[in-house]
Structures are given as C-alpha cells and as structure tokens.
Amino acid sequence: MTTITHLTTAELDVGLDHIRQAPKDTGILELIVRRPLTEEREILEEGELDLLEGLVGDNWGARGSSMTDDGDAHPEMQLNIMNTRAIAHIAQDKDRWQLAGDQLFIDMDISEHNMPPGTRLSLGMAIIEVTAIPHNGCKKFVARFGLDAMQWVNSEEGKKLRLRGINAKVVQAGSISAGDTVNKV
C-alpha cells in the first residue's frame, strides 16, 4: 500500500495552471459521492437529485447546519461540488477524492468569475444553481489533506478559483450519472 504524504504549498502551486485550464461552459460529472452517514461514503454510478432532499440518500438534510438559526439543513448548501482538477491534485489518488466530503466532482471551471452565484448547471436530467455561501473546508479537510492544502484552498487565489469547491441547490429534480455532460444554462 502506497503512503500518501500531504503536499506542501509549493507543490500545490504547481497544479494551478492545469486547474485554470478547466472547461468554462461544458464539463463532465466525473464522480458522485453519497454520504449516508457521517464518515460513510458511497460512490454512485447514478443518483437522483431532489428539490427537498438534494442527493437522494445523502445525509445533508439529517445532518443539519450550524449556519441556520434552528439547526436545520441549510437550503443553500444542499450540494457540495468540487473541481476534479483541484481534488485530483490535492488528493493525489482518485480513491481519496471522496474524503473531501463533496457529493459532485466536475471537470469545469467553478471560479467565482466563471460561476457567480445564480449560475445554473444542467447535468443529466437535473438543473442545479450555484449559491452565494462559500465552501471553505473544515478540520476534517486538514486531517485528510494537510494544513497547507487548507491554507492553499482558502488563499486569495484559492478563493477566486474556489479550489475548495462551491455550494449549490437543486432547482429541477432529475437523475444524474457519472460521465454526464455538465452545461451552463
């Protein structure tokens, strides 16, 4: 078994040009991850996006949020999406992508310039909308990918490129599959 070490900031910076070259208007949904329980991950070939549940079978709704007054799940944070080029670089092995905790991984430019809040994306039969709530990561991200990775994704450039990812909500329910084309609507 190969031991993966966390990348340094300098090593992470090497990947920026490749990340910046992600497609702007049309990309690919490369991975769907459902989180049925905390710390559990299921890789899906197909999934269902629902207006109320987000990714059906995911624990988003049950987990709740510290960002709402009543502790209920935050409606603007139904889905967490990460750029595949960023996670591939940070994680160093596709088997580790799921550790990021995001549900959807797309090869597409998710920078604030390319996908401001309100941007809609079609994937499979569903449509999702990018929300304004930033996705900053947490102590679990540090434990899995290192402090340098957390600081890198939250640096000024990291925030512009949204290296840690984006939040979105479902605006049209439908089925999705790994390999689906993702289009700006």
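The values are calculated or read from the model by the stated rules, or taken from the named source; none is laboratory data. Since we're looking at a predicted model, the values are computed, not measured. Here the Cβ is made from the backbone with ideal geometry for all residues, glycine too, and neighbour counts use every protein chain on show. Remember, those area values only see protein heavy atoms, side chains included, never the ligands or the DNA or RNA. Shrake-Rupley method; radii C 1.70, N 1.55, O 1.52, S 1.80 Å.
To the nearest 20 debye, what is the magnitude of the charge dipole of the stretch 43-185 about its Cα centre, counting +1 on the Cβ of each Lys and Arg and -1 on the Cβ of each Asp and Glu?
Working: 14 positive and 21 negative charges, 99 e Å.
Magnitude of the dipole: close to 480 debye.
Given the Cα atoms of the stretch 27-144, and with Rh set as the inverse mean 1/r over their pairs in the Kirkwood sense, what is Rg to Rh to two decimals?
0.92
Given a Förster distance of 22 Å, report the FRET efficiency between Asp70 and Lys139 from their Cβ-Cβ distance, rounded to the nearest 0.05.
Calculated transfer efficiency: 0.35.
At a 1.4 Å probe radius, which order do Val185, Val130 fall into by accessible area, largest first?
Val185, Val130
Using a Cα-Cα cut-off of under 19 Å, which lysines could be cross-linked to Lys139, ignoring same-chain neighbours fewer than 8 residues away?
Cross-link targets: Lys159.
Need the full-extension length gain, Gln151 to Glu11, defined as separation in residues times 0.36 nm minus the C-alpha distance. One decimal, nm. Walk me through the numbers on the way to the answer.
Details: separation 140, 0.36 × 140 = 50.40 nm, distance 1.30 nm.
Full extension of this stretch gives 49.1 nm more.
What does the extension gain come out to for Arg41 and Ala62, with contour length at 0.36 nm per residue minus their alpha carbon separation? Walk me through the intermediate numbers first.
Working: separation 21, 0.36 × 21 = 7.56 nm, distance 1.53 nm.
Working it through step by step, the gained length comes to 6.0 nm.
Please identify, among Ile106, Ile43, Ile87, the residue showing maximal mean-square fluctuation in a Gaussian network model of the chain using a 10 angstrom Cα cutoff.
Among Ile106, Ile43, Ile87, the largest GNM mean-square fluctuation belongs to Ile43.
If you wrap a convex hull around the alpha carbons of the stretch 2-59, what volume per residue comes out, as a whole number of Å³?
Hull volume normalised by residue count: 169 Å³.
Under a 1.4 Å probe, what is the accessible area of the chain per residue, stated in Å²?
48
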